[in-house]
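K.L.:
For reference, the structure I am asking about is given below.
The values are calculated or read from the model by the stated rules, or taken from the named source; none is laboratory data. All figures in this text were calculated on a predicted structure; none of them were measured in a lab. Note that each Cβ is placed from the backbone with ideal geometry, even for glycine, and that neighbours are counted across all protein chains shown. To get the accessible areas, we keep the full protein, side chains included, count just its heavy atoms, and leave off ligands, DNA and RNA. Shrake-Rupley method; radii C 1.70, N 1.55, O 1.52, S 1.80 Å.
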Amino acid sequence: MKPRISAPVCISIFFLLQCSKADTGAHISSGLWLCQRAPRCGNQMYNPLKQCCDDDTTLSVNRTRLCGPNCTFWPCLELCCPESFGPQKRFVVRLKVLGMKSQCSSSPISQICAR
């Protein structure tokens, strides 16, 4: 009876060979991608070219949401911030700052939503 190698072992060996391969040329960029840790959102992996992580929820990069009654924003790139409360609520869309935990009080304004 021949010994069998399981699929996870084969995949692990494949990735180790790809990561340890010191190759020059066009294969470098694809080889580096295999060696990098996949970004995580909560406990899920996601593709940062197509998705983003917003409060431990994976969203499509091109998804939009309403900010107030008549203003749209991109949750992957912007924040919806209430500027005033009460009967005359006012909303402002602010840019998320890459590499930082963005907050309404410190992020630059992208647009002021009409009332």
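K.L.:
Being over 23 Å from D56 (Cβ atoms) and either in a loop (DSSP other than H, G, I, E, B) or in contact with a Gly (Cβ under 7 Å, 6 or more places away or on another chain) (or both) is the filter here; which residues of the stretch 92-114 pass it?
P.N.:
P108, C113, A114
K.L.:
Continuing with the same structure: Please verify whether F91 is farther than 14 Å from D54 by Cα and open to solvent by 80 Å² or more (accessible area, probe 1.4 Å), treating the condition exactly as stated.
P.N.:
Here the answer is no, as F91 does not meet what is asked.
K.L.:
Another one. Is there any pair with a first residue in the stretch 81-109 that is within 20 Å of R65 (Cβ to Cβ) and touching a residue at least 40 places away in the same chain (Cβ under 8 Å) and a second that is open to solvent by less than 100 Å² (accessible area, probe 1.4 Å) and in a loop (DSSP other than H, G, I, E, B) whose Cβ atoms are under 8 Å apart and which are 6 or more apart or on different chains, and what are they?
P.N.:
Filtered contacts from the stretch 81-109: no entries.
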